[in-house]
Amino acid sequence: MPEKVKILLRFSRYLWPYWWRVALSFALLGIGSLLGMVNPIITKVMIDNVYPNKDMRLFLLLIGAGIGLYMLKTTLGICQNYLNMYLNRRINFDLRIKFYEKLQSLSLDFFSRRQTGEHMYRATNDVDNVVGMITNTIPTLIITSLEFILLLAITLYLNWRLTLMALSLVPLLYLNTHFSSRKLRDLNRINQRQLSDINSILHQGISGTRIIKAFRREKYEVLRYYKKLHENLHLQFKTWRVSTFYGTLGGLIATMGTSWLVWFGWYQVLKGNMSLGSLMAVTVYIFRLYGPLQNYSNLYQSVLVTLVSAERILETLDIEPTVRNTPGAKKLSHVRGSIKFSHVSFEYERGKPVLKDITFDIPAGSLVAIVGESGSGKTTLINLIARLYDPQKGRILIDNYPLKMISMASLRRCVSIAPQEPFLFGRTIMENIKYGNRDATEEDVIEAAKLAEAHEFILNLPNGYYTDVGEGGNRLSRGQRQRLSIARAIIADPRILILDEATSSLDAKTERRIFSNLLLFGRDKTIIIVTHRFSNIISADMILVLQDGSLVEMGNHHELIRNGSVYYRLYKLQLLKEQLGEDRL
Ligand SMILES: Nc1ncnc2c1ncn2[C@@H]1O[C@H](COP(=O)(O)OP(=O)(O)O)[C@@H](O)[C@H]1O
Ligand SMILES: [Mg+2]
């Protein structure tokens, strides 16, 4: 329990900036609930004093009071409603921003652990649930408790015998709500899981349309969706049945209790122990007493269910990025671009080393190629240079500074990658290329596009540089996306430029042209290229050969050919492929 209270307290912090609105909202809620208790008294006076004495003045007074009360209550209600809506939307806004900010600050390892759909569920549904809890459920819970205590005091004062009799039904009501809420909570849990699954099916079914169409699995996907949705449909029906059953049962108990009281009360009226008006008032109050009792456990259960959402949000909010600025990290200003690996080992998952004891030294301004079979660790090595991950063992140095001692911002400014997967944002080409450097001018963008051999195809598009590329760039071919992704890396004007199989979907000739453009553009830059086409990297200053996460060979093309080992074999194989024409793309 204290754990749950702690979670609640953490979220109630979000109320602080709006404390006076929260206080006002509470006050209005309380006043509204107090005003709601006056009506039975009016009724009582009507019955006991106005009707028997035919008191016209009192009658008009009471009618006036009734109308005034109603208007006051309605006005306060609207104000309270507005405040509540305001707080709910505001805090929702704050929490969503905070969550997204956190999400953006986290390191890559966090994202590969969970599915996109789950992060999205947390950022939206879970946030809604929690905000609803702190702005609606909990205030209602508090006010309901106060109301109960007050009603109890009133009824005890008016007629303690009747009240105690009424309370004798409480255990029955308690049992009823106890069973119903337990059942409803379980159903609610299942519902949340099902909704999450449904979201995930929908998400994948839309993002995977290409594959679905290509394999003609539309019906299959619809069927999958149908099954899950259908399951949920019946769960909703069941939930309705359960809640209606117990709700009716609770109402029945309360009504029976009240009837029993009316009967007993009537007996007392006949005996002259109580006025008719008092009986009416007490009956209404006691019937109201049951309201909070029935509400109580529903609200409590709803808090319990929402706490699951709260825990999920906190889990994300509490994670610290694994890769972050070291205190005292230096801002590098004039980077030259030498890269040194010293006995670097790395694993994504414990006990599965992906890079093993890598040591090399790249002088600033060199052209370096990394080759190796798929899965040999090329991308991983590059991820380490850009510090997307930190190695478990060994040291990486840029310009002889340990990577960890360089501020993240200045490191990201000096290293720029055109990744294997050319992801584009669903914006214009101009915006996508400019993403690499917000200060770039239109001329810079065109210059970068020319270097990436993209200028011509861009001009052929309907809106040229202002063509929208569609979600993830899906209106362009992969080769076109790759060239834009290279332009985006170039425009950042980094000291270290990395192309990770960024030309894999281009023909050999275009690839060669891009490489020679880069050499002209980046004479003094360190350029690292990962490619499978050996013929285009013959002129590289240094070639690193990776095999199963180990650096097995290192040197320039001629040295490696002379070695007659791994590189030589890969080279011959590639040459053979090119001759057979398998490399035509
Ligand atoms: N995020 C990840 N989590 C776990 N394993 C990974 C991850 N990324 C890559 N790997 C594994 O690391 C190995 C090297 O991958 P990678 O560096 O992408 O190779 P390459 O770029 O040479 O094809 C592969 O066995 C791959 O399965
Ligand atoms: Mg790779």
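None of the figures in this text is laboratory data; all of them are computed from the coordinates on show. All values reported here derive from a predicted model rather than from experimental measurement. Methodologically, a virtual Cβ is constructed for each residue, glycine included, from the backbone with ideal geometry; neighbour enumeration extends over all protein chains shown.
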Handout entry: Prolate/oblate/rounded label for the range 392-493 (Cα gyration tensor, a/c 1.5)
Key = prolate
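In square nanometres, what is the average projected area of the Cα convex hull of the range 2-318?
Working: hull surface 85.4 nm².
Computed as one quarter of the Cα hull surface, the answer is 21.3 nm².
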Fill in the blank from the handout: Full extension between residue 115 and residue 535 adds, at 0.36 nm per residue less the Cα distance, a length in nm of 147.3 nm
Exercise for the section: Using label points projected 7 Å from each Cα along Cα→Cβ, tell me how many nm separate residue 34 and residue 561, to one decimal. Expected result: 9.5 nm
Completion exercise
Of the candidates 195, 139, 22, the farthest towards the positive dipole end of the range 2-318 (Lys/Arg Cβ +1, Asp/Glu Cβ -1, centred on the Cα centre) is 195
Fill in the blank from the handout: Amide H proximity to residue 329 below 5 Å, modelled H, separation 5+ or other chain, gives none
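Could you tell me the convex hull volume per residue, in Å³, taken over the Cα atoms of the chain?
Values: hull volume 127.9 nm³, N = 585.
With only Cα atoms used, the chain gives 219 Å³ per residue.
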Exercise for the section: Would you be so kind as to identify which of 546, 491, 64 lies farthest towards the positive end of the dipole of the chain, taking Lys and Arg as +1 and Asp and Glu as -1 on Cβ and the Cα centre as origin? Expected result: 64
Handout entry: Alpha-carbon centroid distance for the pair the range 89-124 / the range 166-216, whole angstrom
Key = 22 Å
Exercise for the section: Can you tell me how much longer the chain between residue 245 and residue 76 gets when fully stretched, taken as 0.36 nm per residue apart minus their C-alpha distance, in nm with one decimal? Expected result: 57.4 nm
Practice task
Enumerate by residue number the GluC sites (Glu not before Pro) in the range 532-585 meeting two conditions: DSSP loop (anything except H, G, I, E, B), and at most 12 other Cβ atoms within 10 Å of the site's Cβ.
Solution key: 582
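Rounded to the nearest 500, what is the 222 nm mean residue ellipticity of the chain from helices alone, with -39500 (n - 2.57) per DSSP H run of 4+ residues and division by all residues?
-20500 deg cm²/dmol
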Completion exercise
Going residue by residue through the range 570-576, the Karplus relation 6.51 cos²θ - 1.76 cosθ + 1.60 with θ = phi - 60° gives ³J(HN,Hα) values, rounded to whole Hz and with x marking Gly or Pro, of 4, 5, 4, 4, 5, 4, 4
Exercise for the section: Taking the Cα centre of the chain as origin, sum charge times position over the Cβ atoms of Lys and Arg (+1) and Asp and Glu (-1), and report the length of that vector in debye to the nearest 20. Expected result: 1220 debye
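At 0.36 nm per residue, minus the direct Cα-Cα distance, what do residue 401 and residue 568 gain on full extension? Give it in nm, one decimal, please.
Values: separation 167, 0.36 × 167 = 60.12 nm, distance 3.44 nm.
Once the chain is fully extended between residue 401 and residue 568, it gains 56.7 nm.
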Handout entry: Positive-end residue, the range 451-585 charge dipole about Cα centroid, Cβ charges, pick of 532, 503, 575
Key = 575
Practice task
Would you please put 220-231, 416-427, 520-531 in order of how densely packed they are, using the mean number of other Cβ atoms within 10 angstrom per residue and starting with the highest?
Solution key: 520-531, 416-427, 220-231
Practice task
Kindly rank 268-274, 560-566 from highest to lowest mean number of other beta carbons found within 10 Å of each residue.
Solution key: 560-566, 268-274
Completion exercise
FRET efficiency (residue 219, residue 431; Cβ distance; R0 56 Å; to 0.05) is 0.90
Problem - Summed residue charge, Cβ within 14 Å of residue 350's Cβ, Lys/Arg positive, Asp/Glu negative - result: 0
Handout entry: Radius of gyration and Dmax over the Cα atoms of the range 241-302, both given in Å
Key = 14.6, 46
Exercise for the section: Please go through the residue pairs 183/238; 356/572; 340/525; 340/378; 4/228 and name each one whose alpha carbons sit more than 20 Å apart in this structure. Expected result: 356/572; 4/228
Completion exercise
Taking a straight Cα-to-Cα line shorter than 16 Å from residue 98, and setting aside same-chain aspartates and glutamates fewer than 8 residues away, one finds 126, 128, 311, 315, 318, 320
Practice task
Could you size up the charge dipole of the range 2-318 around its Cα centre, putting +1 on the beta carbon of Lys and Arg and -1 on that of Asp and Glu, and report it in debye to the nearest 20?
Solution key: 740 debye
Problem - Helix axis angle, 508-521 relative to the chain longest principal axis, alpha carbon, degrees - result: 90 degrees
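So how strong a dipole does the range 83-124 carry about its Cα centre when Lys and Arg Cβ are +1 and Asp and Glu Cβ are -1, to the nearest 20 debye?
Values: 8 positive and 4 negative charges, 25 e Å.
Approximately 120 debye in magnitude.
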